[in-house]
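Below you'll find the structure, written out as structure tokens, and then a few comments.
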Amino acid sequence: MTPDSDTPDAMHDAANDPMRGQPHRIVERDGVRYTLLGTAHVSQASIDAVHAAIDSGGYDAVAVELDAGRLQSLADPAALAQLDIVKVLRDGKAHLFAANLALAAYQRRLAEQLGVEPGAELKAAVQEARARNLPFHLIDREVGLTFRRAMQKLGWWGRAKTGAGILLAMVGDEEIGEDDIEKLKGGDVLESSFGEFAAHSPALYESVIAERDRYMAANLRDLAGSGAREVLAVVGAGHLPGLARHLAEDTLAPQAVRSELEVVEAKKSFPWFTLGLTVFVIGGFAWGFWQGGLDVGSDLIVQWVLATGLLGALGCAIAGGHPLSILAAFVASPLTPLHPALASGTISALVEATLRKPTYADFMALRDDVQTVKGWWRNGVARVLLNFFLTSLGTAIGVWTGGLRMLGRLFG
């Protein structure tokens, strides 16, 4: 069950071999011969190699490094228009939606710069398999799950840096650097998208690359019971070593591997910061009423409401929010520190999305609009996201400002 090496004996000898000159590994296990074809996500040669391999007729099943969501976005970019933005906000997935937008924007810039759509060889593998009535299998982990697992392994500063990178990826229009292009030739679009952070974060690398090697190997091992005997797996070249090793050596049942790698652990730490802030705010009000009477206590409340409410509403207004969205931000911001469900950014964005429901045209133009500063305010979907982020930022500044004023009033 040891993966074959890249020696001439491990490769096909025929001069017309579609694998010739392409990075690949061959692993035989449980009666199945797996040919792992390593591709570059921005290479026409990889697209040609995929076509040639499937056209050779030597395989009875095809597996690709995709999940259902990524395949849909490759095959039908217009599917984004069916998204319910209100549901995204209610489910607390605004950050995940932004990450997917960043990935789409990054891929678009690559396509414009290099003339090849990133992941085109994966799309070609699916299309070719369908054309030949071959069963195809999506073996990668859902990208949102990968993102959530990566984020939970980072500290506060790591998440902040990654979030900043996501925003820059959505609005940036500069050319992709040579280093990033070389990474894609080596082959993984998610690693390249998070490249700056993955290179300096073992935790992020573990979620984005290493875990997916195990996950895809588990899915491939499951094919042993499907009747397939010759399987072509089309994956980024960067996955070849890890994927071949896990495919040959792992003994844990595939379902157990997937269960382990699909878990997103709930926060176990006690919310000390939220509790402390709640105690500080309410305690400050109580102290004011006790020490200074009604005038001081009510004045502290007014200062807190104005500091948080006005700055939260200002963030919403800068985002171009509807007047009622701005009002919602003003009302929710003073309460935000007391409970996560009262987050001003989520509430104001929900009001905005309800009152100004993004249109089909907004979704279709989204990838273009987020490339420009004006486009963020022009596009209904982008404006909702902007509302969420700027309202949250304004509230956060207001909390610090209001807290400092309260300290000054109580102990000044």
Over segment 1-44, the set of residues modelled with pLDDT of 80 or more and loosely packed, with under 12 Cβ neighbours inside 10 Å is Asp30, Gly31
With criteria (1) in contact with a Phe, Trp or Tyr (Cβ under 6 Å, 6 or more places away or on another chain); (2) more than 27 Å from Leu386 (Cα to Cα), Ala313 comes up short on (2)
Determine, yes or no, whether Ala319 is buried (at least 24 other Cβ atoms within 10 Å of the Cβ), touching a residue at least 12 places away in the same chain (Cβ under 8 Å) and within 29 Å of Leu275 (Cβ to Cβ). no
TODO: May I ask you to verify whether Ala124 is closer than 26 Å to Gly31 by Cβ, buried (at least 17 other Cβ atoms within 10 Å of the Cβ) and modelled with pLDDT of 80 or more?
DONE: no
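The values are calculated or read from the model by the stated rules, or taken from the named source; none is laboratory data. For clarity, every value in this text was computed on a predicted model and none was experimentally measured. All Cβ positions, glycine included, derive from the backbone under ideal geometry; neighbour counts span all protein chains shown.
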